[in-house]
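No value in this document is a laboratory result; all are computed from the given coordinates. Note that this is a predicted model, so its numbers are computed, not measured. When we count neighbours, we look across all protein chains shown, and the Cβ atoms used for this are built from the backbone with ideal geometry, even at glycine.
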Amino acid sequence: MSTLKTSPITLGYISEYLDAELVGCADKVIIGLSTLHSASSDQLSFLANSKYIQSLKDTSAGALILSQKNLASCPCDALVMDDPYWGYARASRLFRNDDHQPGVHPAAIIADSATIPASASIAPGVVIEEGVVLGEGVIIGPGCVLGKHVRLGDECHLYANVTLYHGVEMGSQSIIHSGSVIGADGFGYAPHEGCWEKIEQFGSVRIGQGVEIGANTTIDRGALDDTVIGDGVIIDNQIQIGHNVVIGDYSAVASSTAIAGSTKIGRYCTIAGAVAIAGHVDIADNVHIKGMSMVSKSIAEPGVYASGTGGVMVNREWQKNAARFRKLNALVERVSVLEKKLSQANS
Amino acid sequence: MSTLKTSPITLGYISEYLDAELVGCADKVIIGLSTLHSASSDQLSFLANSKYIQSLKDTSAGALILSQKNLASCPCDALVMDDPYWGYARASRLFRNDDHQPGVHPAAIIADSATIPASASIAPGVVIEEGVVLGEGVIIGPGCVLGKHVRLGDECHLYANVTLYHGVEMGSQSIIHSGSVIGADGFGYAPHEGCWEKIEQFGSVRIGQGVEIGANTTIDRGALDDTVIGDGVIIDNQIQIGHNVVIGDYSAVASSTAIAGSTKIGRYCTIAGAVAIAGHVDIADNVHIKGMSMVSKSIAEPGVYASGTGGVMVNREWQKNAARFRKLNALVERVSVLEKKLSQANS
Amino acid sequence: MSTLKTSPITLGYISEYLDAELVGCADKVIIGLSTLHSASSDQLSFLANSKYIQSLKDTSAGALILSQKNLASCPCDALVMDDPYWGYARASRLFRNDDHQPGVHPAAIIADSATIPASASIAPGVVIEEGVVLGEGVIIGPGCVLGKHVRLGDECHLYANVTLYHGVEMGSQSIIHSGSVIGADGFGYAPHEGCWEKIEQFGSVRIGQGVEIGANTTIDRGALDDTVIGDGVIIDNQIQIGHNVVIGDYSAVASSTAIAGSTKIGRYCTIAGAVAIAGHVDIADNVHIKGMSMVSKSIAEPGVYASGTGGVMVNREWQKNAARFRKLNALVERVSVLEKKLSQANS
């Protein structure tokens, strides 16, 4: 467990912050969040799903966020609100331990023409090239590289070892985790007599505000126009986003998914993990793709979509089924023959 | 959009460079490339696919690269050539903005025994270990680490935060994008009494000339012999290439593909995105694997190959089909019984 | 091939080290390991699989590790033991070229409160934050970033450009390859009125001893409790391990696999490459998942499991089968109708 301390805060303060009804002691000091199982009497926990209501009687938590309908089962102080999981998320912000000091570390390399406000925190080993403009309160972790003319809005946070190629822009309060690379060249080549002629990538990447990008994710710069990530989009780890992709506001992409070039994803979509989306595909708003699916064509209607054979089976059984798949077309023809014969026999 | 400026060049110069027929004004100055839709009167665009010919009448481009058959529809100056997409690719080189200054930044750490020509450009935060040899005009971006005895040919370009382990070699004019790791240990262990005994990896990685490797890709060093990437190979982002893999000249591997150890891929192959290729497999020249396929056996014949269930369906429909897949073998047996019964009934 | 030299060692020494029977000259000097095909007379090779026994007569190796049953075919000196592949693995350790010098490079940035033993080797460009504690003989490659209160046991080795977030702990003799990111925030958000409310991630990552983690792999920190990797676990490249995942001792995870949050994997499991495992799934000990499978539910019994349609087919054939999959449920209904009709006809 992290050895970082969290700050003491009273239940009364949390109640006001969450706009939750407090049933209990406003002066009780809460030092952190924990699970129902692990929470101690100075920690806050939550019940988001009524199916875990039996766990309440065993918790040692000092207080719980829960909904009105479960209040009667609460063995301790309570913060009552309609959406306890959202309350837990919001409360978690209060216990962040964010102690970055403003200032530029002497072991950072900053181009003279870069604009770095005094409120920004620049760690050692950072390289900031010409013409970069950072907003107020930006935090840049060790080893990050910001290419020429990168622009970051206020309160953006790059964790260690993030690479932003030249010209990448990001709105305020967005986060990028370590190892991610934004703005590398898209995979663009013209085939010619068996060789691949590289197409220079002149677009950039524009990322909205309130975006979070996980670790070791890659978002390529556009070929001529830009690659665009909308506001409030959340993108997990190990994701590939090709050149000229557009992702609409508030969509979510889970880990290890690959989105090929020029594909457009609407707003409020969720793409589960390990999905592959072909290039030049248009996906409407409110589309939800299940894990490990392949999207090879545009999707015009909101809804839930999937492909594949579903979850694992015992290998011996699976092998038989997979072998049959290889002759599925022939099977259909066998069935057609049977239907025809039976139809003739009955006529 | 990138705020980097591109250089002004005349149409006449581009025409000669491309060996294209100029129909228009040789002195017209072109400042960059753009799409048909976005190009302004001082930009060059192209028509590679005749199905977009209707877009020509709306373009404001100053000039277009197109083929003879579409020349009549060109509303502006024209550069006529057989393969306009190749022309666009080649023309893109003219508008690159490559302003790396030769020299070693004082905040780079270079071993005394490394050979760095005066024409090389070494950014801050670079670490170059003993015995490294760089060719003329090599560009090493910030934060790159080159292990002992790495050798790079002339005009190689490593973008920021690339890691090359000891002994990796790369031919001239090859490119590696940020976050890629070349030469980490292959995944080699001997199982013994429930534990994994690590096998030291003594081979290296040899990369040909004119290769491009995307961002956050990994290519492991060989166990005893080397891992080998041929000339002119293009490798996208987030790709895993296991130890002792050999990829033939001019093959292409799209993003998020995984190639397990000791597999050999021929020349002029294309491996689409999110493909998984098992280890110890031999793939012939001119083999093309479609997206999200699994290759578990050798492929001896050129051609196009695929696996999986195809693209997504509406989830409700998909669930029924996937459930049926789990009993596909039983279904075939049911059909066999029917065939037998009907055959008996008819005899 | 790597140009690094390996040390000369006698066969007699290797024989004792491996506890193998030496049939040959104890004073013969061996300078390295190689394959049967490439080995020279001063190199050691091995025969682990009797099916390659025909290769023995063509080898120029100076000595071979092999089993008693194949000794008669050995054309050179022999080291005889029951498990030659394990012998090869152990012998490989003798030929490692590990020449890291203890000490902190002046171009490393170390917080005053960090504990760095004199036996540790800290490369240039490393950033070590407050409260970090390193064990004896730890090696930290160039460009690594160790966040606050990271703790590494004795003889851990981080290759270049590894990022450990605050509070990550790792047991002794564990290895992490370049580009891996341990302890980034898990992908946790509460959906609320179409937006994603970030849930701060207060857990950490605890990694056991004797673990090896490949390149560009990501392991997220836990939300409230920790993400846990057991002792002796081996994890390949490009892998995503979500928050609060637990992986049991001595399990192995091959490249490009994604494991979603809160999933528990038992001990002695093997997860092949490009597998996707859903969140909140429990997998028993001794479970083996084949390549490119999807695990969407818990697995309670040891055994081998798989999903998918198997390896690639010629595209023309595959397209027909994949199209039929889309109507598989309808096909089953057609077969049911036939069965019913035939049953009626026969009654």
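By DSSP, what percent of the beta bridges with both residues in segment C:103-305 are antiparallel, rounded to the nearest 5? Can you show the working numbers first?
On the way: 4 of 61 bridges.
Just about 5 percent of them are antiparallel.
Computed from label points 7 Å out along Cα-Cβ, the spacing between C:ALA72 and B:ASP98 is 6.4 nm. Stokes-Einstein diffusion for segment A:13-82 at 20 °C, viscosity 1.002 mPa s, with a Kirkwood radius from C-alpha pairs, works out to 183 µm²/s.
Distances between placed amide hydrogens fall under 5 Å for A:GLY131 paired with A:SER113, A:ALA114, A:HIS149, all partners being 5 or more residues away or on another chain. C:GLN319 label point (Cα plus 7 Å toward Cβ) to equivalent points in the other copies: 3.2, 3.2 nm, shortest first.
Taking 1.306 mPa s as the viscosity and 10 °C as the temperature, the Stokes-Einstein diffusion coefficient of segment A:9-48 based on its alpha-carbon Kirkwood radius rounds to 152 µm²/s.
In this rough spin-label picture, where each label sits 7 Å from Cα along the Cβ direction, the A:SER119-C:LYS51 distance is 6.6 nm.
Note on chain C: Kirkwood hydrodynamic radius from all Cα pairs is 23.8 Å, rounded to one decimal. Share of pairwise Cα-Cα distances greater than 17 Å in segment C:131-186 is 25 percent (whole percent).
Phi angles of segment C:221-236 translate, via the Karplus equation with coefficients 6.51, -1.76, 1.60 and θ = phi - 60°, into HN-Hα couplings of 6, x, 6, 10, 7, 8, 7, 10, 10, x, 5, x, 6, 10, 10, 7 Hz per residue; Gly and Pro are given as x. When chain B is treated as a Gaussian network with alpha carbon springs shorter than 10 Å, the biggest mean-square fluctuation among B:VAL132, B:VAL332, B:VAL150 belongs to B:VAL332. Remark: mean inter-chain Cβ contacts per residue of C:247-255 equal 4, using a 10 Å Cβ-Cβ cutoff to other protein chain atoms.
For the peptides B:239-245, B:303-309, residues were scored by their other Cβ atoms within 10 Å and the scores averaged per peptide; the highest-first order is B:239-245, B:303-309. In order along segment B:149-161, the phi-based Karplus estimate (6.51 cos²θ - 1.76 cosθ + 1.60, θ = phi - 60°) of 3J(HN,Hα) comes to 6, 4, 10, 10, x, 4, 6, 6, 10, 9, 6, 4, 6 Hz; Gly and Pro are listed as x.
Would you mind telling me the antiparallel percentage of the DSSP bridges in segment C:1-124, rounded to 5?
Numbers: 5 of 16 bridges.
Approximately 30 percent, going by the DSSP bridge assignments.
How many Cβ atoms of partner chains, on average, are near each residue of B:12-23 if near means within 10 Å of its Cβ?
Working: counts 0, 0, 0, 0, 0, 0, 0, 0, 0, 0, 0, 0.
Per residue, the number of nearby Cβ atoms from other chains is 0 on average.
Can you tell me what share of the DSSP beta bridges in the protein assembly as shown is antiparallel? A percent to the nearest 5 is fine. Could the numbers behind the result be given before it?
Numbers: 33 of 229 bridges.
Here the antiparallel bridges make up roughly 15 percent for the protein assembly as shown.
Want the number for A:LYS297 to A:LYS327: 0.36 nm per residue separation, take away the alpha-carbon distance, what's left?
In short, 8.3 nm is gained.
Treating each Cα of segment C:103-305 as one equal point scatterer and applying the Debye formula with no solvent, the log10 of I(q)/I(0) at q = 0.09, 0.12, 0.16 Å⁻¹ comes out as -0.34, -0.58, -0.96.
Pick out which of C:CYS269, C:CYS144, C:CYS74 has the largest mean-square fluctuation in a Gaussian network model of chain C, springs linking Cα atoms closer than 10 Å. Of C:CYS269, C:CYS144, C:CYS74, the most mobile in the Gaussian network model is C:CYS74. Expressed as a whole percent, how much of the Cα-Cα distance distribution for segment A:252-306 exceeds 13 Å? Result for the distance tail: 51 percent. With its label point put 7 Å out from Cα toward Cβ, A:HIS100 sits 2.8, 2.8 nm from the same residue's point in the other copies, in order from shortest.
Put simply, the amide H of B:MET313, placed in the peptide plane, has neighbours under 5 Å in A:ALA306, A:SER307, leaving out anything fewer than 5 places away on its chain. For B:GLU339, the label point sits 7 Å beyond Cα toward Cβ; its separations from the matching points on the remaining copies run 1.7, 1.7 nm, from shortest to longest. Couplings 3J(HN,Hα) for segment B:118-130, derived from phi with the Karplus relation 6.51 cos²θ - 1.76 cosθ + 1.60 (θ = phi - 60°), are 4, 7, 6, 10, 10, 7, x, x, 6, 10, 10, 8, 4 Hz, where x marks Gly and Pro.
How much FRET efficiency would the formula 1/(1 + (r/R0)^6) give for C:GLU136 and B:ASP285, where r is the Cβ-Cβ distance and R0 is 60 Å, rounded to 0.05?
0.70
Cβ-Cβ distance of A:VAL304 and B:SER60, R₀ of 45 Å, FRET efficiency by 1/(1 + (r/R0)^6): the value works out to about 0.60. Rg and Dmax of the protein assembly as shown, both derived from C-alpha coordinates alone, stand at 30.0, 94 Å.
Distances between placed amide hydrogens fall under 5 Å for B:ILE265 paired with B:VAL246, B:ILE247, B:GLY248, B:ILE283, all partners being 5 or more residues away or on another chain. A crude spin-label estimate for the pair C:ASP42 and C:THR10, with each label 7 Å from Cα along the Cβ direction, gives 1.7 nm. Per-residue extension of 0.36 nm, minus the Cα-Cα distance of B:ASP19 and B:ASN346, leaves a gain of 110.4 nm for this segment. Qualifying trypsin sites (Lys or Arg not before Pro) in segment C:240-347, where qualification requires a DSSP coil assignment and no more than 15 other C-beta atoms within 10 Å, comprise C:LYS297.
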